[in-house]
Amino acid sequence: MPSSHPSVGGSTAAPRAWHIVGARPNFMKMAPVFRALDGRLSQVVVHTGQHYDWKMSGIFFQELGVSAPDINLEVGSGTHAVQTAEVMMRLEPLLMERRPDVMIVYGDVNSTVAASLVCSKLGIRVAHVEAGLRSRDRGMPEEINRIVTDALSDILFTPSEDGNANLAAEGVDPSKVHFVGNVMIDTLIRLLPQARADAVLAALGISGPYILVTLHRPSNVDSLETLAPLLEVLATLADTMPVIFPVHPRTKAQIGRANLTLPAGLHLAEPLGYLDFLALQRGAALVVTDSGGIQEETTYLGVPCLTVRENTERPVTISHGTNRLVGRDPARLLAEATRVLAEPPVRLGPPPLWDGHAGERIADILLRAWP
Ligand code: UD1
């Protein structure tokens, strides 16, 4: 494994890996890597506190069987600069004192880029899980986080081969890049047998087919001019079959401000835990989302997915999966939803290496870093 950092090479002590997580989608990505490294090296989990509500954070550690974080930086919410800077300021002294051999960072959230910046300047090796994804839309904060994190990373683990191509096009040394598959799908495969939708559906009074919705991207929810017409489409769809919409705090705040009257068939719910949400995805007639991870999960499950975005950093969910981009045009969302419900797309099978073993491949590669 290539490294220019003197802190790693030649050490005979047990290597020490730190994981940095902060926001909801990080937790299911870390779990399989943590499990695969368990007992093979010393591990410390740092939670930045970017997400802090039980339903956005704590419940996932419980359900995923990952022990509580060793360190919580408690940064909380803020503007991008504030949140990123708080993570950096609180992390740096810990790392200066304890100097792990590698920092494993996940995905594309602000906590990911913040930790990568601190580590790379301290000469601590950065390993990026879910490297190489590109939407080519710099209006999306996550795209900035992806580009910067990948540029700073010493070891890059890609979930799909487009990631390798993107990194090669940006001049990243291919010897640093490892195509390992999708860690989020590792967690899905492990926990799917435990996921049951009965209780949630009974609580909502739903027995037949339903549509499942999540929307939380700033581009969709921060402006009422965009969000309100999307909610109107969901209300129209709710005339056909019930629509279940677990609402992210960002979206909830906006809906609260709007003072909207929602139809009876549109069931707004609190954010759900991992198992409940997974079970609802598996049973849905259609999923409407702007999330990255849900595009992947529906692809694996073979459930039709309409993504309310103009682009995706996960093109394999379209080439191999059941995902379609519908943009932010409400009329197009309604037309596509109607079409997909009448004629669901054919599942082509999971993309290469979405097989439940990505975490093990990552662990093996990381462990080969030490003699
Ligand atoms: C973050 C990630 C996004 C990811 C999403 C998953 C970045 C740039 N964005 O977006 O990539 O898809 O997490 O959820 O890192 N809030 C709570 N409770 C919480 C956390 C947040 O109420 O536990 C509220 C706060 O009002 C906060 C808002 O949600 O201002 C947004 O949270 P924030 O962490 O800024 O970004 P997300 O929209 O969650």
Selection count, the stretch 343-371, where residues are within 25 Å of Arg134 (Cα to Cα) and free of Cβ contacts under 8 Å to residues at least 40 places away in the same chain: 2
Give the stretch 278-302 a look and list any residue that's in contact with a strand residue (DSSP E or B) (Cβ under 7 Å, 6 or more places away or on another chain) and within 17 Å of Pro193 (Cα to Cα), or say none. Leu280, Gln281, Ala284, Thr298
Regarding Ala279, is this residue of a type in the set (Gly, Ala, Ser), in a helix (DSSP H, G or I) and open to solvent by less than 10 Å² (accessible area, probe 1.4 Å)? yes
For the stretch 330-342, check the following and say yes or no: at least one residue is part of a loop (DSSP other than H, G, I, E, B), open to solvent by 10 Å² or more (accessible area, probe 1.4 Å) and either over 27 Å from His128 (Cα atoms) or in contact with a helix residue (DSSP H, G or I) (Cβ under 9 Å, 6 or more places away or on another chain) (or both). no
Filter result (within 16 Å of the ligand (Cβ to nearest atom), surrounded by fewer than 21 Cβ atoms within 10 Å (Cβ to Cβ) and within 19 Å of Ile71 (Cβ to Cβ)) within the stretch 89-137: Arg90, Leu117
So is Thr240 at pLDDT below 95, outside any helix (DSSP H, G or I) and either open to solvent by less than 20 Å² (accessible area, probe 1.4 Å) or not acidic (Asp, Glu) (or both) or not? yes
Can you tell me which residue in the stretch 287-302 is farthest from Gly208 (Cα to Cα), limited to those that are in contact with a helix residue (DSSP H, G or I) (Cβ under 6 Å, 6 or more places away or on another chain) and among the aliphatic types (A, V, I, L, M)? Leu301
Can you find a residue in the stretch 188-210 that is within 15 Å of the ligand (Cβ to nearest atom) and within 17 Å of the chain's Cα centre (by Cα)? no
Scan the stretch 53-62 and give yes if some residue there is more than 11 Å from the ligand (Cβ to nearest atom) and closer than 30 Å to Gly327 by Cβ, otherwise no. no
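Listed here are the residues, each with its yes/no results for (1) more than 13 Å from the ligand (Cβ to nearest atom); (2) buried (at least 21 other Cβ atoms within 10 Å of the Cβ).
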| site | (1), (2) |
| --- | --- |
| Pro229 | yes, no |
| Thr236 | yes, no |
| Lys252 | no, no |
| Leu262 | yes, no |
| Cys305 | yes, yes |
Could you please let me know if His267 is in contact with a helix residue (DSSP H, G or I) (Cβ under 8 Å, 6 or more places away or on another chain), under 19 Å from Ala238 (Cα atoms) and open to solvent by 30 Å² or more (accessible area, probe 1.4 Å)? yes
As an exercise: evaluate Leu227 against (1) within 20 Å of Glu313 (Cα to Cα); (2) within 23 Å of the chain's Cα centre (by Cα) and give the number of the one condition it does not meet. (1)
Does any residue of the stretch 203-218 turn out to be open to solvent by 30 Å² or more (accessible area, probe 1.4 Å), free of Cβ contacts under 8 Å to residues at least 12 places away in the same chain and among the aliphatic types (A, V, I, L, M)? yes
Please go through the stretch 59-73 and pick out each residue that is in a helix (DSSP H, G or I) and open to solvent by less than 70 Å² (accessible area, probe 1.4 Å). Ile59, Phe60, Phe61, Glu63, Leu64
I need the full set of residues from the stretch 138-156 which are away from the ligand (no atom under 13 Å from the Cβ) and of a type in the set (Gly, Ala, Ser), in order please. Ala151, Ser153
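The values are calculated or read from the model by the stated rules, or taken from the named source; none is laboratory data. The model shown is predicted, which means the values in this text are computed figures rather than measured ones. Note: ideal-geometry Cβ built from the backbone for every residue, glycine included; neighbour counts use all protein chains shown. Just so you know, the surface numbers come from the protein's heavy atoms only, side chains and all, with ligands and any DNA or RNA stripped out. Shrake-Rupley method; radii C 1.70, N 1.55, O 1.52, S 1.80 Å.
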